[in-house]
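Q: This is the structure I want to talk about, given as structure tokens.
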Amino acid sequence: MTELLCKLFVKNRDKTNDPTVRRAYGTLVSVVGIIMNILLAAGKYAVGFIFGVISIQADAVNNLSDAGSQLISLISFKIAAKPADREHPFGHARIEYVASMIVSFLVLVVGSQLLSESVNKIINPSATVFSWISVGVLGVSVIIKLWLAFFNRRVAKKIDSAVMRATSADSLSDAIATFAVLVATVIYKFTGFDLDGYMGVIVAVLILVAGAKILNETKNSILGGAPSEETVKTIESVVAEYPEALGIHDLVVHSYGAGRNIASLHVEVDGAVDIFSTHDTVDMIEKRLRDEFGIDATIHMDPIVTNDPQVTEWRQRVADIAAEVEPTLKIHDFRMVPGSTHTNLIFDVSAGFEVKMSDGEIRSRISEAVMRERANHFCVITVDRE
């Protein structure tokens, strides 16, 4: 069903980095979600009102809020497809993060209201009327919500959409919540135990948890999270295809929404090679990253000495010492400056955030280890936190 809908309503559906295609996907998923949620809300509210089942009525209100969330998604995709302008030179794709945050707030509001109503039902119980119609409506709702969750997640993965991931998580929590209400209804039929209010509380908690997760994921996107492992590996693999590139470090990736990544990185090159030839290689790497992967990269060339045995020997020795201090430490930009009284070893050390040693401790431990081997070799170290 998912592939059929995409095939019918999305032209050039494989060009997922194209803003027009992304907008078509967003419009399709949002319209389908709005229609389905309005139908579910109408059916559930009617059944819940007629038979006095608070949890079904609350679930209906939740579906209505989901329709509102899909409407926000629809608007966000329309805005995200706008081209860059003077005020927004990197485009408008990040509007999806804002929309995702709005969706999370709506989910939290609905969950809070449902929790209040459910607690009130427990404190002040009222009679619940069983109906197989209720069971049928709830069963259909679970199936539709599971399909909507799958539909949103499938398309979210295809176009890398934060707001669709949020909607998918919301739909999945709704399916679980509705199933809980269905179980309570069947239990009431066969045992006489009215768990309506208690199931309402469970539903509310599930909705609140889903809203909190969506909010947290969106917060990370807005604050600026680490690039995905796939993006990092893509950049490293492209650079590694060129023998002239001897090493890569200081990689920084900024995401301005799906299909809009800007990267900067340093590539070590042989300082003895003609600079025009090296620059041509760097241009080729930048072009491939842009054309093949949609990554606008700016590469800084770091020339290093490769034909001096003494420099090569000390570069490797310092790398080994850094690894002995902490296995994850790596060195780059190594230079050796000899003098009449001492020799300076100048280099950078890359340290991940998981390394608990302070920058000062890293510098002192490496320097002390080097001086134990050669007392007149001084280290000038810059620590880079990845």
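The values are calculated or read from the model by the stated rules, or taken from the named source; none is laboratory data. Since the structure is predicted, the reported quantities are computational estimates derived from the model, not experimental observations. Virtual Cβ from ideal backbone geometry, glycine too; neighbours counted across all protein chains shown.
Q: From the list 76, 69, 65, pick out the single residue that is in contact with an Asp or Glu (Cβ under 6 Å, 6 or more places away or on another chain), hydroxyl-bearing (Ser, Thr, Tyr) and outside any loop (DSSP other than H, G, I, E, B).
A: Working: 69 fails: in contact with an Asp or Glu (Cβ under 6 Å, 6 or more places away or on another chain); 65 fails: in contact with an Asp or Glu (Cβ under 6 Å, 6 or more places away or on another chain).
The unique qualifying residue is 76.
Q: Starting from residues that are surrounded by 12 or more Cβ atoms within 10 Å (Cβ to Cβ) and β-branched (Val, Ile, Thr), keep the ones in the stretch 324-346 and report whichever is farthest from the chain's Cα centre (by Cα).
A: 343
Q: What residue, of 203, 232, 239, is touching a residue at least 40 places away in the same chain (Cβ under 8 Å), assigned to a helix (DSSP H, G or I) and closer than 30 Å to residue 332 by Cα?
A: Working: 203 fails: closer than 30 Å to residue 332 by Cα; 232 fails: touching a residue at least 40 places away in the same chain (Cβ under 8 Å).
Among 203, 232, 239, only 239 is touching a residue at least 40 places away in the same chain (Cβ under 8 Å), assigned to a helix (DSSP H, G or I) and closer than 30 Å to residue 332 by Cα.
Q: Going through 260, 317, 288 one at a time, which residue ends up being over 29 Å from residue 14 (Cα atoms), crowded, with 16+ Cβ neighbours inside 10 Å and basic (Lys, Arg)?
A: Details: 260 fails: over 29 Å from residue 14 (Cα atoms); 288 fails: over 29 Å from residue 14 (Cα atoms).
From the options 260, 317, 288, the qualifying one is 317.
Q: Is there any pair with a first residue in the stretch 21-41 that is among the aromatic types (Phe, Trp, Tyr) and a second that is at pLDDT below 90 and assigned to a helix (DSSP H, G or I) whose Cβ atoms are under 8 Å apart and which are 6 or more apart or on different chains, and what are they?
A: 25/6; 25/77; 25/155; 25/158; 25/159
Q: Name the strands (runs of 3 or more DSSP E) wholly within the stretch 246-348 that hold at least 3 residues that are closer than 30 Å to residue 160 by Cα?
A: Numbers: elements: 247-255, 261-270, 295-304, 330-338.
It comes to 247-255, 261-270, 295-304.
Q: Out of the residues in the stretch 164-195 that are hydrophobic (A, V, I, L, M, F, W, C) and outside any helix (DSSP H, G or I), which is nearest to residue 144 (Cα to Cα)? Before you say what the answer is, go through the steps one by one.
A: Quick first cut of the stretch 164-195, residues hydrophobic (A, V, I, L, M, F, W, C) only: 164, 166, 169, 172, 175-177, 179-184, 186-187, 190, 193, 195.
Checking the rest, the ones that are also outside any helix (DSSP H, G or I) come to 193, 195.
Values: 193: 28, 195: 24 Å.
Among those residues, the one meeting the criterion is 195.
Q: Return the residues of the stretch 144-169 that are buried (at least 24 other Cβ atoms within 10 Å of the Cβ) and either at positive phi or touching a His at 6+ places or on another chain (Cβ under 7 Å) (or both); say none if nothing qualifies.
A: Hits for the stretch 144-169: nothing passes.
Q: Sticking with this structure for a sec: For residue 156, state whether it is at pLDDT 80 or above, within 19 Å of residue 133 (Cα to Cα), assigned to a helix (DSSP H, G or I) and under 25 Å from the mean Cα position of the chain (by Cα).
A: Values: at pLDDT 80 or above: yes; within 19 Å of residue 133 (Cα to Cα): no; assigned to a helix (DSSP H, G or I): yes; under 25 Å from the mean Cα position of the chain (by Cα): yes.
So residue 156 does not fit the description; no.
Q: Determine if the stretch 123-138 includes at least one residue that is over 29 Å from the mean Cα position of the chain (by Cα) and closer than 18 Å to residue 38 by Cβ. It would help to see each step written out before you state the result.
A: We begin by selecting, within the stretch 123-138, every residue over 29 Å from the mean Cα position of the chain (by Cα); these are 123-138.
Filter once more, so that each one left must be closer than 18 Å to residue 38 by Cβ: 137-138.
Taking every residue of the stretch 123-138 in turn, at least one turns out to be over 29 Å from the mean Cα position of the chain (by Cα) and closer than 18 Å to residue 38 by Cβ.
To keep it simple, each residue is scored yes or no on (1) touching a residue at least 12 places away in the same chain (Cβ under 8 Å); (2) touching a Ser or Thr at 6+ places or on another chain (Cβ under 6 Å); (3) closer than 30 Å to residue 90 by Cβ; (4) in the same structural domain as residue 262 (by TED's automatic domain parsing).
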site	(1), (2), (3), (4)
288	yes, no, yes, yes
316	no, no, no, no
327	no, no, no, no
332	yes, no, yes, no
352	yes, yes, yes, no
360	no, no, no, no
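Q: Being assigned to a loop (DSSP other than H, G, I, E, B) and loosely packed, with under 14 Cβ neighbours inside 10 Å: is that true of residue 227 here?
A: Values: assigned to a loop (DSSP other than H, G, I, E, B): yes; loosely packed, with under 14 Cβ neighbours inside 10 Å: no.
It is false that residue 227 is assigned to a loop (DSSP other than H, G, I, E, B) and loosely packed, with under 14 Cβ neighbours inside 10 Å.
Q: On to the next question. Can you find a residue in the stretch 32-53 that is at pLDDT 80 or above, touching a Lys or Arg at 6+ places or on another chain (Cβ under 8 Å) and either among the small types (Gly, Ala, Ser) or loosely packed, with under 14 Cβ neighbours inside 10 Å (or both)?
A: No, the stretch 32-53 contains no residue that is at pLDDT 80 or above, touching a Lys or Arg at 6+ places or on another chain (Cβ under 8 Å) and either among the small types (Gly, Ala, Ser) or loosely packed, with under 14 Cβ neighbours inside 10 Å (or both).
Q: Go through the stretch 362-376 residue by residue and tally those that are within 19 Å of residue 320 (Cβ to Cβ) and either touching a residue at least 60 places away in the same chain (Cβ under 8 Å) or of a type in the set (S, T, N, Q) (or both).
A: Residues in the stretch 362-376 being within 19 Å of residue 320 (Cβ to Cβ) and either touching a residue at least 60 places away in the same chain (Cβ under 8 Å) or of a type in the set (S, T, N, Q) (or both): 2 in total.
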